[in-house]
Amino acid sequence: MKALLVCDALRMAVWQRRPKAGLIVHSDLGSQYASKAYRQLLKAHEFIGSMSRKGNCWDNAVAESFFGSLKQERVQWRHYQTRLEAQQDVLNYITMFYNSYRLHSYLGYKSPSQYEAEMVMLKKVA
């Protein structure tokens, strides 16, 4: 995986979600996350980078779980002809399935979209 890919993914997430400064961004120990370009992007948005320690998968359990799901449920079974095809398929998996329909135990067996909608409603009521 290249640094450009993870930088593009972070830019897209920032564009879609508009997170505030101080956001903690979890990742594994991949060289793309330690790259100068990625670290500069985190700094530009005033985000805090968080990497798991070697051999300790619990540091970033949510991120590790996501990447495991992505690999097992989607990427492992695909044979992409181009990088663009892979990027589009992963984006489709994340936006159309993972965030919209897939149930997550850490969210009380709701999808991230369902959970977020409930949080918005709770804020309006409060």
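Values for this structure:
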| quantity | calculated |
| --- | --- |
| Pair list, Cβ < 6 Å and 6+ apart or interchain, from segment 4-31 residues that are farther than 13 Å from Ala44 by Cβ to residues that are of a type in the set (A, V, I, L, M) and at pLDDT 90 or above | Ile24/Ile48 |
| Inter-residue pairs, beta-carbon under 6 Å, first not assigned by TED's automatic domain parsing to the domain that holds Leu5 and in segment 88-104, second of a type outside the set (A, V, I, L, M) and loosely packed, with under 13 Cβ neighbours inside 10 Å, 6+ apart | Leu103/Tyr109 |
| Out of Ser27, Ser65, Ser50, sole residue that is at pLDDT below 90, under 25 Å from Ser105 (Cα atoms), out of contact with any strand residue (DSSP E or B) (no Cβ under 8 Å at 6 or more places or on another chain) and not aromatic (Phe, Trp, Tyr) | Ser65 |
| Checking Val75 against (1) of a type in the set (A, V, I, L, M); (2) surrounded by 13 or more Cβ atoms within 10 Å (Cβ to Cβ); (3) under 25 Å from Arg18 (Cα atoms); (4) not assigned by TED's automatic domain parsing to the domain that holds Cys7, the condition it does not meet | (3) |
| Verdict on Lys36 being assigned by TED's automatic domain parsing to the domain that holds Gly22 and more than 22 Å from Arg17 (Cα to Cα) | yes |
| Residue that is nearest to Trp15 (Cα to Cα) [pool: residues in segment 92-114 that are of a type outside the set (A, V, I, L, M, F, W, C) and surrounded by fewer than 14 Cβ atoms within 10 Å (Cβ to Cβ)] | Thr95 |
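Yes or no, residue by residue, for (1) at pLDDT below 90; (2) among the small types (Gly, Ala, Ser):
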{"position": "Ala37", "(1), (2)": "no, yes"}
{"position": "Gln72", "(1), (2)": "no, no"}
{"position": "Val75", "(1), (2)": "no, no"}
{"position": "Arg83", "(1), (2)": "no, no"}
{"position": "Ser105", "(1), (2)": "yes, yes"}
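The values are calculated or read from the model by the stated rules, or taken from the named source; none is laboratory data. No experiment lies behind these values; they were computed from the predicted model shown. Cβ: placed from backbone, ideal geometry, glycine included. Neighbour counts: every protein chain shown.
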